[in-house]
Amino acid sequence: MALEWVGEFFRDADMVQIDKLAAWFADDIDLRFANNPPIRDKQTAVAVMGGFYGSIAGMSHKPVHLYAGDDGDTASQYAVVTYTRQDGRDVPLPVSSLLHRNSAGKLDKLWIYIDINPLYAEAEAQ
């Protein structure tokens, strides 16, 4: 399949190991995560995503739809991502991601559209 790289990326992302994620990033990555300001360099992207990884215990993407660009290097994925909080509670959230890789196979665009607030909300009273 032409977009095997997308599945490989999300598999590595779900490992919640910043070195695995960082290996995908181009030096000039355009990263947009939730409503945070855009990031346009690998060093800052790794620091921000490392901070995010440090705030969760795990995550798992369940793809719902994958759309491919004609070039084979652009993809959009809609998924339900189940985040595991530090307290062990799982929080499934809808996430839409736009990815583009450069000629070296590195991501130079990763836009992640998510309302991240429910992940950090206090557990509802039972």
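Here PHE33 meets each of (1) exposed (fewer than 12 other Cβ atoms within 10 Å of the Cβ); (2) within 12 Å of the chain's Cα centre (by Cα) with one exception, condition (1). Here GLY72 fulfils each of the conditions (1) free of Cβ contacts under 8 Å to residues at least 40 places away in the same chain; (2) more than 13 Å from the chain's Cα centre (by Cα) apart from (1). Of the residues LEU93, LEU21, LEU31, the single one that is touching a residue at least 60 places away in the same chain (Cβ under 8 Å) and under 19 Å from TYR113 (Cβ atoms) is LEU31.
Among strands (runs of 3 or more DSSP E) lying entirely in the range 16-126, which contain 1 or more residues that are of a type outside the set (Val, Ile, Thr) and modelled with pLDDT under 95? Per the criteria, 56-68. Among the conditions (1) out of contact with any Asp or Glu (no Cβ under 6 Å at 6 or more places or on another chain); (2) free of Cβ contacts under 8 Å to residues at least 60 places away in the same chain, SER60 misses just one, which is (1). For the range 48-78, the set of residues classified as hydrophobic (A, V, I, L, M, F, W, C), surrounded by 13 or more Cβ atoms within 10 Å (Cβ to Cβ) and farther than 26 Å from SER103 by Cβ consists of PHE52, ILE56, ALA57, MET59, listed by residue number.
PRO37 fulfils the conditions (1) farther than 20 Å from ALA75 by Cα; (2) touching a residue at least 40 places away in the same chain (Cβ under 8 Å); (3) out of contact with any helix residue (DSSP H, G or I) (no Cβ under 9 Å at 6 or more places or on another chain); (4) of a type outside the set (Val, Ile, Thr) except for a single criterion, (2).
The values are calculated or read from the model by the stated rules, or taken from the named source; none is laboratory data. Model, not experiment: these values are computed from the prediction. Glycine also receives a Cβ, built like all others from the backbone with ideal geometry; neighbour counts cover every protein chain displayed.
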